[in-house]
Amino acid sequence: MSDTPHRSRLRWLAWLAPGAGSLRRYLLLWLLVPQLVLWLGAAVLSYTVAARYANLALDRSLYQASRALARQVKPMGSGLLIDFPKAARDIIETDPDDRVYYMVSAPPGQLILGNQRLPEPPPEVSSPNGLGPVLDKPRFYDATLQEQDGAVQVRVVALYLAWGDADAPQTMLVQLAKSRIGRDILARQILHDTALPLIGLVLLMSLIVWASLRAGLAPLARLHQAVISRAPSHLDSIQLGRAPEEVQALTAALNKLLQAVRESVGQQQRFISDAAHQLRTPLAGLKSQTELALREATDPSLRARLTLVHESATRSAHLVTQLLTLARAEPESSHVMARSPFDLRRLAEELTAELVPRALQAGVDLGWADDETEAAGSTPLRVTGHALLVREALSNVIDNAIRYAGRGAEVTVRVRAEGDQAVVEVDDTGPGIPLAQRQAVFERFYRGTQEGLGCGLGLPIVKEIIERHAGSVTLLDRPPHGLRVRVRLPLAARVRLMNC
């Protein structure tokens, strides 16, 4: 036996469940479907009532016509006198909307007057008590007449009348029928006049329900917008203002979760910062001691071991410094730092000057190049943000160029305005970064080369800081060879900072 109907029913019930779709659709479904069912029930009830009253109107007209027809047959002695002039026949037979059938029989079943033989009423209609027909009381029933153009459904009234002497009582049956077309037309008209207002009421009620649901779910929409419009670093409590108790409870639960996350992130940041600070002092001492030991050591094998220790200490110290910078660059830390406008041109120029000794020590020619269209330092490029973090980002870019360009290479720093953005470019004539690795170098602890003392955090730190200032970092080729790191930041006049 196939279970397809069972599965279809389960799918339908699952679709009706509140978790299967939107809450608005679920509520609309369960509010509007009962209205539709009630409307259909009201329509059926209206048609039933309309048909009942149409039957009453038809039965009343049939009864009056049957009484008028019975008066045309008068008992006279032992017989019946039929006084049915043409005028009376025209009154009965002429109906502008429908055809009328009539028959007078005495005894019942033997036609003495009429234009159609009509079937006698069923026993349950003519004799409901089983003791014979009830005299002088109309009985109504439905019947079918066969005509040339087909069967006709008619409504019939049967009226039994007594005549004759008391010693020889006799019965006369007067029947009059009319097709149900007029009755059906009247019932449909009543249904039409009743259903249209009901449809209008249902539509109006549907609009009211939809508007009520929209107003009732508006606090949820505001809560949704308040959540999705936040940056990942924005962990402050959500404030909705006036809202229903259920939404307030949900908001309170979210705020409690945000508070727990905020405390957890704060603990993590404090741990990283404290650990880095605690590691910095012994590493600095280790570097100093290895430098002193290298000066005094004469054994080549010992000097080689000390050199490895010194390089490891230097790399560890650099890693600690980078971890501290990364901790400050994290959204949870950067959003509490004060933002203010500063001159990016001046910051980059001062930083370049500070790193010149570091470049000379590495055998690299570090220089500053101004935009050809502007005098040196004549036009400040003001951006809004954390000057200390931006300085760390640019320092990492220049430091990477110095570290990996190689001895004899040239590193050039330039700053210019480009539309509503400030652009910082750091060019070097070193080996560059292969195109296949340019996306990976922005991942933490990824190193494209094992040369140097890097730890794989320089460019990730740069990307983190610059993107927190609504900027971007790209790696480009520098013709004829080398690498160009381009940093873009929005100018303060038109800046629209990310919510950090």
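The values are calculated or read from the model by the stated rules, or taken from the named source; none is laboratory data. This is a predicted model, so every value here is computed, not measured. Note that each Cβ is placed from the backbone with ideal geometry, even for glycine, and that neighbours are counted across all protein chains shown. The accessibility values were calculated without ligands, DNA or RNA, using every heavy atom of the protein model including side chains. Shrake-Rupley method; radii C 1.70, N 1.55, O 1.52, S 1.80 Å.
So is residue 137 modelled with pLDDT of 80 or more, in a strand (DSSP E or B) and either open to solvent by 70 Å² or more (accessible area, probe 1.4 Å) or charged (D, E, K, R) (or both) or not? Walk me through it before giving the result.
Working: modelled with pLDDT of 80 or more: yes; in a strand (DSSP E or B): no; either open to solvent by 70 Å² or more (accessible area, probe 1.4 Å) or charged (D, E, K, R) (or both): yes.
For residue 137, the condition - modelled with pLDDT of 80 or more, in a strand (DSSP E or B) and either open to solvent by 70 Å² or more (accessible area, probe 1.4 Å) or charged (D, E, K, R) (or both) - is not met.
Considering only the range 176-202, state which residues are closer than 16 Å to residue 62 by Cβ and of a type outside the set (D, E, K, R). Of everything in the range 176-202, those that are closer than 16 Å to residue 62 by Cβ and of a type outside the set (D, E, K, R) turn out to be 176, 177, 179, 181, 182, 186. Here residue 146 meets each of (1) open to solvent by 20 Å² or more (accessible area, probe 1.4 Å); (2) modelled with pLDDT of 85 or more with one exception, condition (2).
A quick yes/no check of all residues on (1) modelled with pLDDT under 75; (2) in a strand (DSSP E or B); (3) touching a His at 6+ places or on another chain (Cβ under 7 Å); (4) open to solvent by 80 Å² or more (accessible area, probe 1.4 Å):
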residue	(1), (2), (3), (4)
91	yes, no, no, yes
97	yes, no, no, yes
102	no, yes, no, no
113	no, yes, no, no
116	no, no, no, no
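Residue by residue, here is whether (1) assigned to a strand (DSSP E or B); (2) surrounded by 13 or more Cβ atoms within 10 Å (Cβ to Cβ); (3) modelled with pLDDT of 85 or more holds:
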| site | (1), (2), (3) |
| --- | --- |
| 133 | no, yes, no |
| 141 | yes, yes, yes |
| 152 | yes, yes, no |
| 156 | yes, yes, yes |
| 161 | yes, yes, yes |
| 168 | no, no, no |
| 174 | yes, yes, yes |
| 184 | no, yes, no |
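For the range 187-197, the criterion of being at pLDDT below 75, of a type in the set (Lys, Arg) and not in a strand (DSSP E or B) is met by no residue. The set of residues from the range 190-213 being open to solvent by 60 Å² or more (accessible area, probe 1.4 Å) and free of Cβ contacts under 8 Å to residues at least 40 places away in the same chain comprises 192, 193, 196, 197, 201, 203, 204, 207, 208, 212. With respect to residue 254, determine if the residue is at pLDDT 75 or above, hydrophobic (A, V, I, L, M, F, W, C), out of contact with any Asp or Glu (no Cβ under 9 Å at 6 or more places or on another chain) and under 30 Å from residue 216 (Cα atoms). Spelling it out, residue 254 is indeed at pLDDT 75 or above, hydrophobic (A, V, I, L, M, F, W, C), out of contact with any Asp or Glu (no Cβ under 9 Å at 6 or more places or on another chain) and under 30 Å from residue 216 (Cα atoms). If you check residue 108 against the conditions, is it surrounded by 12 or more Cβ atoms within 10 Å (Cβ to Cβ) and either under 20 Å from residue 163 (Cα atoms) or at pLDDT below 80 (or both)? So residue 108 fits the description; yes. Condition first: modelled with pLDDT of 85 or more, farther than 22 Å from residue 230 by Cα and among the polar types (S, T, N, Q). Now tell me which residues in the range 445-500 satisfy that. Correct list: 474 only.
Quick check on the range 222-245: of everything there that is assigned to a helix (DSSP H, G or I) and in contact with a helix residue (DSSP H, G or I) (Cβ under 9 Å, 6 or more places away or on another chain), which residue is least open to solvent (accessible area, probe 1.4 Å)?
The initial filter retains those residues of the range 222-245 that are assigned to a helix (DSSP H, G or I), namely 222-228, 245.
With in contact with a helix residue (DSSP H, G or I) (Cβ under 9 Å, 6 or more places away or on another chain) added as a condition, the list becomes 222-223, 226-227.
Details: 222: 99, 223: 9, 226: 26, 227: 70 Å².
Checking each candidate, the answer is 223.
Confirm whether residue 174 is touching a helix residue (DSSP H, G or I) at 6+ places or on another chain (Cβ under 7 Å) and touching a residue at least 40 places away in the same chain (Cβ under 8 Å). Considered against the rule, which asks whether it is touching a helix residue (DSSP H, G or I) at 6+ places or on another chain (Cβ under 7 Å) and touching a residue at least 40 places away in the same chain (Cβ under 8 Å), residue 174 comes out as yes.
Filter the range 466-486 down to the residues that are more than 14 Å from residue 394 (Cα to Cα) and surrounded by fewer than 17 Cβ atoms within 10 Å (Cβ to Cβ) and list them by number. Within the range 466-486, 476, 477, 479, 480, 481 meet the criteria. So for the range 290-304 (the condition being surrounded by 12 or more Cβ atoms within 10 Å (Cβ to Cβ), without any contact (Cβ under 8 Å) to a residue 24 or more places away in the chain, of a type in the set (Gly, Ala, Ser) and part of a helix (DSSP H, G or I)), does at least one residue qualify? There is at least one residue in the range 290-304 that is surrounded by 12 or more Cβ atoms within 10 Å (Cβ to Cβ), without any contact (Cβ under 8 Å) to a residue 24 or more places away in the chain, of a type in the set (Gly, Ala, Ser) and part of a helix (DSSP H, G or I).
Looking at the range 215-232, can you tell me whether even one residue there is within 30 Å of residue 62 (Cβ to Cβ) and touching a residue at least 60 places away in the same chain (Cβ under 8 Å)?
Step one: list which residues in the range 215-232 are within 30 Å of residue 62 (Cβ to Cβ), which gives none.
Among the residues of the range 215-232, not one is within 30 Å of residue 62 (Cβ to Cβ) and touching a residue at least 60 places away in the same chain (Cβ under 8 Å), which makes the answer no.
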